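**Student:** Please read through the structure below; I'll follow up with questions.
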Amino acid sequence: MLIESSPGQIIISVVCSVAAIMALGSAIVGYCYHHLGILDRLIFGIAAAFLFATVIADNNAISLLAMVFYIAVVFWQRSRAKTDVRSARVEAVLSSEGT
């Protein structure tokens, strides 16, 4: 499939494959910027399946849509992790002021 493709399609396939492996790793390990719950792991698993399916189907439009979905999930997890860190810092400051 890659031998008969254009360089642009090869690049998209490689990028989607790498993203799919990262999403699958997050789903299996249960970590992406912070601990993942069951629902989060399921979302990463769906993203990985979607990305792997687009590589097999060799459709650039669907591949780009899958990448947008994966990137949105990663940024969502990152924003949740930042919120968790801020909450932990506020709690630490409040608990130190009380003593």
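The values are calculated or read from the model by the stated rules, or taken from the named source; none is laboratory data. Note that the structure is predicted; figures quoted are calculated from it, not measured. Heads up, the Cβs are rebuilt from the backbone with ideal geometry, glycines too, and the neighbour counts pull from every protein chain shown.
**Student:** If I filter the range 1-17 down to residues being part of a helix (DSSP H, G or I) and of a type in the set (Val, Ile, Thr), which single residue comes out as surrounded by the most Cβ atoms within 10 Å (Cβ to Cβ)?
**Tutor:** Only one residue fits best here, namely Ile12.
**Student:** Hey, any hits in the range 18-32 for a residue that's of a type in the set (S, T, N, Q), modelled with pLDDT under 80 and either within 11 Å of the chain's Cα centre (by Cα) or not in a helix (DSSP H, G or I) (or both)?
**Tutor:** no
**Student:** Considering only the range 22-63, how many residues are loosely packed, with under 14 Cβ neighbours inside 10 Å and touching a residue at least 40 places away in the same chain (Cβ under 8 Å)?
**Tutor:** Matching residues across the range 22-63 total 0.
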